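First up is the structure itself, then whatever we jot down about it.
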Amino acid sequence: MLRIINTLERLLEVNMSRLILAAALAVSSFSFTALAACPYDTNCINNPYGAGSPYKADGIKNPYSQYGSPYSNKSANNPYATDAPKLYDSNGQYRGRMSTNPYHPDSTSNPYGRYGSPYSPDSINNPYGAGNPYNTDPIWVVPQ
């Protein structure tokens, strides 16, 4: 638990000028991923030698894992997925599903949906709303 708190404190200090997927943190049998700018952190998915390795068993960048496969219904990379990972901010507020499906109502890739529209205050794609680049609240990806 202390490792999670230390990681959260580190993520809060990061400048959120751009959103990049962070690595999966193991918490009991659950796996969380944070969206943050952290290319040198070993837990960051932007680090190819850390959690961003395409060989990570449950990684989003691994095309053979259930969360990175273009064919898995639980993948963020499947444009037809209906059970993609959910996004939450640090206050526990739901921010949609991290999905490339442009038709799912909760997808962050749906430009007309509540969580994908660049005009919705709940969308991480809105730079004046939840996607504000100066926001210090990390956004967590919770696989199903």
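Amide H contacts under 5 Å for Ile139: Leu35, restricted to partners 5 or more places along the chain or on a different chain, H placed in the peptide plane at 1.01 Å from N. The local environment of Asp83, defined by Cβ-Cβ distances under 10 Å, has a net charge of +3 under the rule Lys, Arg +1 and Asp, Glu -1. For a test of the definition: using alpha carbon positions, the gyration tensor, and the 1.5 limit on a/c, classify the stretch 82-135 as rounded, prolate or oblate. Note, shape of the stretch 82-135 comes out oblate. Decide, for the stretch 49-144, between rounded, prolate and oblate: order the square roots of the alpha carbon gyration tensor eigenvalues as a ≥ b ≥ c, take rounded if a/c falls under 1.5, and otherwise choose prolate if a/b is larger than b/c, else oblate. Judged from the Cα gyration tensor, the stretch 49-144 comes out oblate (a/c at least 1.5, b/c at or above a/b). Model label points for Tyr80 and Asn132, set 7 angstrom from Cα along the Cα-to-Cβ axis, are 4.0 nm apart.
Computed from the coordinates by the stated procedures, all read-outs in this text should not be read as laboratory data. Just so we're clear, the structure is a prediction, and the values are computed from it rather than from any experiment. Every residue, glycine as well, gets a Cβ built from its backbone with ideal geometry; the counts of neighbours run over all protein chains shown.
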